[in-house]
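One structure is given here, and the rest of the page talks about it.
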Protein chains: 2
Amino acid sequence: MRQPPDISISRLAVYLRFLEDFVKEKGPDSTINSEELAKSLDMNPHQIRKDLSYFGKFGERGKGYRPEELRDKLRQILGLAKKWNLCLCGMGNLGNALFAYQGFRQMRLDIVAIFDNAPDKIGKTFKGVKIFSPERISRVVKQLNINIAIVAVPPMAAQAVTDKLIAAGVRAILNFAPIKLNVPSYVKLRNVDLSMQLINLTYFLSSCQNT
Amino acid sequence: MRQPPDISISRLAVYLRFLEDFVKEKGPDSTINSEELAKSLDMNPHQIRKDLSYFGKFGERGKGYRPEELRDKLRQILGLAKKWNLCLCGMGNLGNALFAYQGFRQMRLDIVAIFDNAPDKIGKTFKGVKIFSPERISRVVKQLNINIAIVAVPPMAAQAVTDKLIAAGVRAILNFAPIKLNVPSYVKLRNVDLSMQLINLTYFLSSCQNT
């Protein structure tokens, strides 16, 4: 299989989310073609067909896709046919916001442990999920079979926490700390950089003013 | 000028951040070429040259870039040579985390007003920034010359707030609410979808297991 770029994977996730709703609304006997899908998502149908082509043949020529079937295949491709156990590192404002975020649970991404070094938080249970000291990362990650970690600690603490997570067996990290983390090549790291998102907006505004 | 894709703009922001630190460390008389820049950022030098080529000629053949000059040009291109006034809508956990986020202020992106509909928050001042009722959006946006809005309200409230912001003159919105907002074509909308970020990780983990 050709290796699809990260951006294709992100778009498959967008198609999946649309189909989840579409199947609920229209029922399993409906069909949808790439033009209709593209129109609903304000995208290019050629792009959609290309993204899907990395993973084989979908739909019937002239008939379009069966939405339920496509949804199930996308879930499988994206690794969402199974449940994943996540841990959340850092229970400050951002950690609280991420924990409350509905989207994760809908995707069967379950936060099963929280790590924070504040003495008044350690040992407490937050909506059924226990808060542990970072010292316990190694043991808890193994016991709870945690695959994915969300790093939402202050920048100064992020590398040390990341090293502990990787030593414990975590292979995928979503990092919110605004620093460049060093991870070995077998670990997948995604950085969410909030100021980078805003810069697309400042560019847009200033290029409007210049033209 | 050819219109550069959003992804090139995001990468220019990455180059800029690197150069901000580089100039501080190495001083203004240093030089750097695209190979060195690429190596430091774990990127492809061809990609860097292509991204820059949208905006004219940079550096001297065989001599590389003057980092201070490149930094200043990137600031200008990205609209960061001036200060922008932002408002933050929604002062829940996510809003608090965004307000505390250091990266914005470093880029001269100043949050100058907060909107929230909680009666116990309205009228209070948070680190020098006043919290207003969303009813005041129209007046405050104009008075404080706000260009960019961050939407961090619950999904149910996001479209109504967005409509108010646009009516008041906001032309760029960074949306954290997990819904698709409708905005006119002259408004630039960026969505930050946290579960989409995680799906790249579940894809990575499950494709590792399958091979």
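No value in this document is a laboratory result; all are computed from the given coordinates. Note that the coordinates shown come from a computational prediction; the quantities given were computed from them, not determined experimentally. For neighbour counting, all protein chains shown are included, and Cβ atoms are generated from backbone atoms with ideal geometry for every residue, glycine included.
Observations on the model:
- Distances from residue A:40 to itself in the other copies, using label points 7 Å out along the Cα-Cβ axis, amount to 4.6 nm in increasing order.
- Summed side-chain charge close to residue B:108 - residues other than residue B:108 whose Cβ falls under 11 Å, Lys, Arg +1, Asp, Glu -1: +3
- Taking A:87, B:208 and counting other C-beta atoms within 10 Å, the order from fewest to most: B:208, A:87
- Net charge of Cβ neighbours under 13 Å - reference residue B:6; Lys, Arg +1; Asp, Glu -1: +2
- Chain A - percent relative contact order, Cα under 8 Å, separation 6 or more: 14 percent
- Considering only chain B, percent of DSSP beta bridges that pair antiparallel, nearest 5: 15 percent
- The tail of the calculated P(r) for segment B:6-77 beyond 15 Å holds 48 percent of all Cα-Cα pairs.
- Three-way shape label, the protein assembly as shown, alpha-carbon gyration tensor, a/c 1.5: rounded
- Using the Cβ of residue B:137 as centre and a radius below 12 Å, the other residues enclosed give a net charge of +1, where K and R count +1 and D and E count -1.
- Between copies, the label points of residue A:85, set 7 Å from Cα on the Cα→Cβ line, lie 5.1 nm apart, reported in increasing order to one decimal in nanometres.
- Computed as a quarter of the hull surface, the mean projected area of the alpha carbon convex hull for segment A:58-211 stands at 13.8 nm².
- Note on A:185, B:40: ascending count of other Cβ atoms within 10 Å places them as A:185, B:40, the fewest first.
- Between copies, the label points of residue B:56, set 7 Å from Cα on the Cα→Cβ line, lie 5.3 nm apart, reported in increasing order to one decimal in nanometres.
- Residue exposure sequence - A:150, B:179, A:166 - by fewest surrounding Cβ within 10 Å: B:179, A:166, A:150
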